[in-house]
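Encoded as C-alpha cells, the structure appears first; notes follow it.
The values are calculated or read from the model by the stated rules, or taken from the named source; none is laboratory data. Just so it is clear, the structure is predicted and the values come from calculations on it, not from any experiment. All Cβ positions, even for glycine, are placed from backbone atoms using ideal geometry, and neighbour counts span all protein chains on display. Each accessible area value is taken on the protein alone, full model and side chains, heavy atoms only, with ligands, DNA and RNA left out. Shrake-Rupley method; radii C 1.70, N 1.55, O 1.52, S 1.80 Å.
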Amino acid sequence: MSASLLTLDGVSKSFGAVAALRDVRLELAGGQVHGLVGENGAGKSTLVKILAGVHAPDAGTVTLDGQPLRLSGPAEARAAGIAVIYQEPTLFPDLSVAENIFMGRQPLRGLRRIDTAKMRTDAGELFARLGVHLDPDRPARGLSIADQQLVEIAKAISLDARVLVMDEPTAALSGVEVERLFAVTRALRDAGAAVLFISHRFDEVFALCQRITVMRDGRWVSTDPVDALTVDVVVRRMVGREVSAMYPKQDTTVGAPRLQVRGLSRDGAFADVGFTVHSGEIVALAGLVGAGRSEVCRAIFGIDRYDAGEVLVDGVRLSNGDTAAAIKAGVALVPEDRRQQGLVMELSVQRNATLPRRWELARGGLLLGASERRAAAAWAQRLQVKAGRLTDAVSTLSGGNQQKVVLAKWLATKPRVLIVDEPTRGIDVGTKAEVHRLLSQLAAEGVAVLMVSSELPEVLGMADRVLVMHEGRLTADIPRQRATEESVMHAATGQADA
Amino acid sequence: MTHRVFVVRELGIVLALVLLVAVTAIVNPRFLSAQSVKDLLLGSAILAILAVGQAIVVITRNVDLSVGSILGLTAFATGSVFVAAPGLPIPVMVLIGVAFGAALGAVNGGLIAAARVPALVVTLGTLYVFRGLDYMWAQGRQINAADMPTGFLRMGTATVAGVPVLTLFAVVVLVAVGYYLRNYRSGRELYAIGSDPAAARLYGIPSGRRVLAAFVASGALAGLAGVLHAARFGTLDANAGLGTELNVVAAVVVGGVAIFGGSGSVYGAALGAVLLTVIRAGLPVLGINPFWQDAAVGALILAAIGLDRALSARIARSLRG
Ligand SMILES: Nc1ncnc2c1ncn2[C@@H]1O[C@H](COP(=O)(O)OP(=O)(O)OP(=O)(O)O)[C@@H](O)[C@H]1O
Ligand SMILES: [Mg+2]
C-alpha cells in the first residue's frame, strides 16, 4: 500500500451541544480512492469541511505529507493542494459558468487582467473531458442540480489537486454521467491523487473505492479494504441494526386515471409528452440528466408555463402556469433543488415542515407554536430527522436530513397527485427504505405518484410503470414486469423506440 | 447572452433619457441650449460619482447610506483646509479629500466587519454621526467663496472643449471603476460575494477584506464628490449633501444594479444618475408641479424594479429552455 498522504487523527468537532465528530481518524493514500459512508448526520460533511478549511477542528490533528496542517480558510486548503466538492453546490448564480469554475484563479493576460477568452476555452476543455455539454458563458442561475454538480466537478478537477474530496457528487447524476465522473476520477487516481468519495449509493462506492471507512454518530467505526467487505456488512456497521427491505413495493389495485398529461410541449425543453397516472399507481420517469424530466414536472405543477398540451387532474383541466390551482387540485411537488426551491434555510425545521399547511394549523389566523411543533414532531420521527431541536434553523441540518424535511413538508399535505423529483437524493439506506415504504403506502391509499429518479434500482424497485425520456421526448412506457436495467437504459440513451 | 441582456438594460435607460430630453426640448427648445446642457452635465457629475461608489457597495449586497454625510463633511473640510492654507495646490486638496473620505469609508467597513451588523444599520448610524460631526465642526459658520482660491472655484464650473471639468472627473472615475470591475479578479470577487455570500465564504473568497475595500472606495468617491461640491458651489455650511444618499441609491436602482447584489454595472448606475438629474431639471420645464417630480422619481424606481424582474424572469425562462 502506498504511503498515506493525508491523515486525520483524533479529530473532534461540536456545534453548540451537537457533537458532529468525535475522535475521528482517517488516512488517505496517494493513488487510492477512499470511500466514506454513514447515515444522515453521521458527520461526513463536517469532516469534509474540516479538510476544506471551513471548520477548524476542536481537537485532533490533520497532517499532509507528514507535516501538521493548520488551515485558516478554504483558500489555504486549495493552496495546499486539497480540492473539495461540497454536498450542496456553491455556485454564484449571477456569474457565468466559466467564472464560477475559475473564480479567484482566472487566467491572466498583461497587467494582471483576466483573459476571458482563455478562461472560456479552458472551461470548454474541462467540459469535454467530462463529456458534458454546457455553455461556459451562460450564468449559473437556472442550472439543474445535476448540471450544478457537473460544474462543481469541473471546478475541482481544474485544480489538479493532490487530494480530491467529493461529498456526494453523484447524488443527482444518472448512470452515464456517473461513469464519466468515475473515468476522470480513476485517471486522477492513477496520476497519484488521493481521493475521498462520499455516497449513499453502495454500488458506486464498491465500484470506485479501494478502501471504505464507515462512520456512525460522529464516530469512526471501521476502515477496511473493499475486498473484505460486503454491502450487508457495511450497512450493518453504518446503521447498527438490520435494515428493512429496500423497495417494499405493496401490491395495489390501480384505479381510475388521476393525472392525465396530453401533448405537453415547451420549445427547447420537451415535446409532445403524454401519459396517464392512475390512482394507486407509482409511475417512474427515467432518463439521463437533461432529458427534460424535471422540466415536465415543473410544468405540470405550474411553476413553468407550457406552449401546448394540457394537464388534467381527475378529469379537470389545470390552468397553465398556475401553481395555486395545482395545489388546490391536490397536486404536490417535491422539487429536486432543496436549497433553492424546497426550503427556507433561515427558518426553523418545524416552520419549514409545516409551511404548506400553515392555514390549516393556525387558529384564528395565528400560527401557534404548539400545533406547529406537534405536527412537525410526528413527521420528524417518522422520517427519522436528526436535528438538535425542531426550532433550529434548517440550514444547520445535514444534507440528507434537509431532504427529509422537504419530504415531510409535502407528504403532510395529503396530496392526491404526488410528484417527487429525486425523492431520496442524499438520503441514507435506513431512511430510504422508509421513504419507499411511505410512497408505496400513499399509492395504496389511492394517491397517484409520479417519481423522477436517476437511481435505476429505485426506479425498477418502486415503479408500476417506467416512462423513459430522451432529449425531451417520451421514448418508452415499460410495465413493471418488463422493466430491466437494459430496457430502461436503452430507451434513455435513445437506442430503442419501445 | 447575459451580456446582451445587460446591454439591453442600459440601452433602456438611454432610451428613456433620449425620450425625456426630446419631449422636453420640443416643449421648450431652450432645454437644449449650451448653458442648459452644461448645467445638466454639471448637475449629474457629482451624483454620478456617488452612484459609482454606491454601485460598488450594492454589488456586494451591502448599502452605504452615509455618502451624503461624507460628502458634507469632506466639503466642509475642504473649505476649512483652504482657510488654513490658502496656497495649497488643487491636486493636493483633491487627494486630501479622497483620503479623508476613504478614512470615513474605512470606519463604515470596519464597524460592519467588527460588529457583524448589517451595513444598512451601520451606515444609517454613521449617516447621523458624520453629519453630527459636521454640525459640531461648523457651529453654524459658513465658508464663503471668498475663502477659497479662485483657481479652485473656477475648476467647479470650467469646461474643456465644452465639457465641464467635473464631468471629466466623473467619466474618468466611471471608466476606471468599470474597467476594474470587469477585468480584475478582485473585481469579479465583489460580484461573487453579492451573488451568494455563503458560497463566497465556502469558496474562500476574503469577503471581509473585499467588503471593507468596497466601503473604502465608496467613501473615497464620496470624498472626491465633497471636494468637487465645494468647488462648484463655493458657499459651504454643514448642510451640504443633506439627503443625497436617497438620490444616490435611487440612481443605482434605476440604473439596474440589483439591490440584492451580484449583478448590474457602474455604467448603469451613472446613467441612472444622469436620468434622475434630467428628470429633476426637465419636469419643471414641462410645467409639472414639484410635488409630481418626486412622484415621478418614485414611479421611475418602481418601473426600473419591475423591468428588472421581468428581464430576469425572461432570462430564467430562456436558460431553462
Ligand atoms: N453549522 C452547523 N450548526 C449546527 N449543527 C450542525 C452544523 N453543521 C452540521 N451540524 C450537525 O452536525 C451533524 C453532522 O452533520 P453532517 O452534515 O456532517 O452529516 P453528514 O454525515 O454529511 O449527513 P448527510 O448524509 O445527511 O449529508 C448533524 O447532526 C448536523 O445537524
Ligand atoms: Mg453530508
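It is to be established whether one or more residues within the range B:299-315 are open to solvent by less than 60 Å² (accessible area, probe 1.4 Å), free of Cβ contacts under 8 Å to residues at least 12 places away in the same chain and within 14 Å of chain A (Cβ to nearest Cβ). Checked the range B:299-315: at least one residue is open to solvent by less than 60 Å² (accessible area, probe 1.4 Å), free of Cβ contacts under 8 Å to residues at least 12 places away in the same chain and within 14 Å of chain A (Cβ to nearest Cβ).
The set of residues from the range B:234-277 being of a type outside the set (S, T, N, Q), under 21 Å from residue B:168 (Cα atoms) and open to solvent by 20 Å² or more (accessible area, probe 1.4 Å) comprises B:267, B:271, B:274. Among residues belonging to the range A:145-177 that are modelled with pLDDT under 90, part of a helix (DSSP H, G or I) and within 16 Å of ligand 1 (Cβ to nearest atom), point out the one that is nearest to the chain's Cα centre (by Cα). Checked the range A:145-177; the qualifying residue nearest to the chain's Cα centre (by Cα) is A:145.
Take the range A:381-424 and flag every residue that is more than 25 Å from residue A:199 (Cβ to Cβ) and of a type in the set (Asp, Glu). A:392 - this is the single residue of the range A:381-424 that is more than 25 Å from residue A:199 (Cβ to Cβ) and of a type in the set (Asp, Glu).
The set of residues from the range A:412-435 being of a type in the set (A, V, I, L, M), surrounded by 23 or more Cβ atoms within 10 Å (Cβ to Cβ) and more than 16 Å from ligand 2 (Cβ to nearest atom) comprises A:417, A:418, A:419, A:420. Does residue A:471 meet the test of being touching a residue at least 40 places away in the same chain (Cβ under 8 Å), open to solvent by 10 Å² or more (accessible area, probe 1.4 Å) and away from ligand 1 (no atom under 16 Å from the Cβ)? Yes, satisfied.
Of the residues making up the range A:96-108, those that are in a loop (DSSP other than H, G, I, E, B) and either in contact with a Leu (Cβ under 9 Å, 6 or more places away or on another chain) or of a type in the set (Ser, Thr, Tyr) (or both) are A:103, A:105. For the range A:109-144, which positions are of a type outside the set (Val, Ile, Thr), within 8 Å of another protein chain (Cβ to nearest Cβ), at negative phi and not in a loop (DSSP other than H, G, I, E, B)? If the condition is that a residue be of a type outside the set (Val, Ile, Thr), within 8 Å of another protein chain (Cβ to nearest Cβ), at negative phi and not in a loop (DSSP other than H, G, I, E, B), then A:113, A:139 are the ones that fit. Residue B:97 fulfils the conditions (1) over 15 Å from residue B:231 (Cβ atoms); (2) in contact with a Ser or Thr (Cβ under 8 Å, 6 or more places away or on another chain); (3) buried (at least 19 other Cβ atoms within 10 Å of the Cβ) except for a single criterion, (1). Here A:396, A:323 are screened, and the one residue that is within 23 Å of residue A:295 (Cβ to Cβ), at pLDDT 85 or above and either open to solvent by 50 Å² or more (accessible area, probe 1.4 Å) or of a type in the set (Ser, Thr, Tyr) (or both) is A:323. For first residues located in the range B:18-35 and open to solvent by 50 Å² or more (accessible area, probe 1.4 Å), partners that are small (Gly, Ala, Ser) and lie 6+ apart or on another chain with Cβ distances below 6 Å form the pairs B:32/B:25. Of the residues screened, residue A:489 is not one that is buried (at least 21 other Cβ atoms within 10 Å of the Cβ), away from ligand 1 (no atom under 16 Å from the Cβ) and either away from chain B (no Cβ under 14 Å) or among the basic types (Lys, Arg) (or both). Here is a check on your reading of the model: is residue A:93 touching a Pro at 6+ places or on another chain (Cβ under 7 Å), at the interface with another protein chain (Cβ under 9 Å from one of its Cβ atoms) and open to solvent by 20 Å² or more (accessible area, probe 1.4 Å)? In short, yes. Scoring residue A:76 on the criteria (1) of a type outside the set (Ser, Thr, Tyr); (2) more than 11 Å from chain B (Cβ to nearest Cβ); (3) more than 13 Å from ligand 2 (Cβ to nearest atom) leaves a single failure, condition (2). Of the residues B:191, B:203, B:179, B:184, the single one that is in contact with a strand residue (DSSP E or B) (Cβ under 7 Å, 6 or more places away or on another chain) and either of a type outside the set (S, T, N, Q) or more than 9 Å from chain A (Cβ to nearest Cβ) (or both) is B:184. Within the range A:107-116, does at least one residue satisfy the condition of being touching a residue at least 24 places away in the same chain (Cβ under 8 Å) and either within 30 Å of residue A:31 (Cβ to Cβ) or acidic (Asp, Glu) (or both)? Checked against the condition, which is being touching a residue at least 24 places away in the same chain (Cβ under 8 Å) and either within 30 Å of residue A:31 (Cβ to Cβ) or acidic (Asp, Glu) (or both), the range A:107-116 yields no hits at all.
Scanning the range A:221-242 for residues that are open to solvent by 40 Å² or more (accessible area, probe 1.4 Å) and assigned to a helix (DSSP H, G or I) returns A:227, A:228, A:231, A:232, A:233, A:236, A:237. Scanning the range B:103-131 for residues that are over 16 Å from residue B:63 (Cα atoms) and open to solvent by less than 20 Å² (accessible area, probe 1.4 Å) yields a total of 2. Checking every residue in the range A:51-71 against the condition of being within 11 Å of ligand 1 (Cβ to nearest atom), surrounded by 15 or more Cβ atoms within 10 Å (Cβ to Cβ) and more than 14 Å from chain B (Cβ to nearest Cβ) gives zero matches. Across the range A:187-201, the qualifying residues are those that are open to solvent by less than 50 Å² (accessible area, probe 1.4 Å) and more than 16 Å from ligand 2 (Cβ to nearest atom), and the one among them that is farthest from residue A:401 (Cα to Cα) is A:192.
Scan the range A:443-455 for residues that are crowded, with 21+ Cβ neighbours inside 10 Å and more than 16 Å from ligand 1 (Cβ to nearest atom) and the total you get is 9. Of all residues in the range B:174-215 being of a type in the set (Phe, Trp, Tyr) and free of Cβ contacts under 8 Å to residues at least 12 places away in the same chain, which is nearest to residue A:53 (Cα to Cα)? Restricting to residues being of a type in the set (Phe, Trp, Tyr) and free of Cβ contacts under 8 Å to residues at least 12 places away in the same chain, the top hit is B:203.
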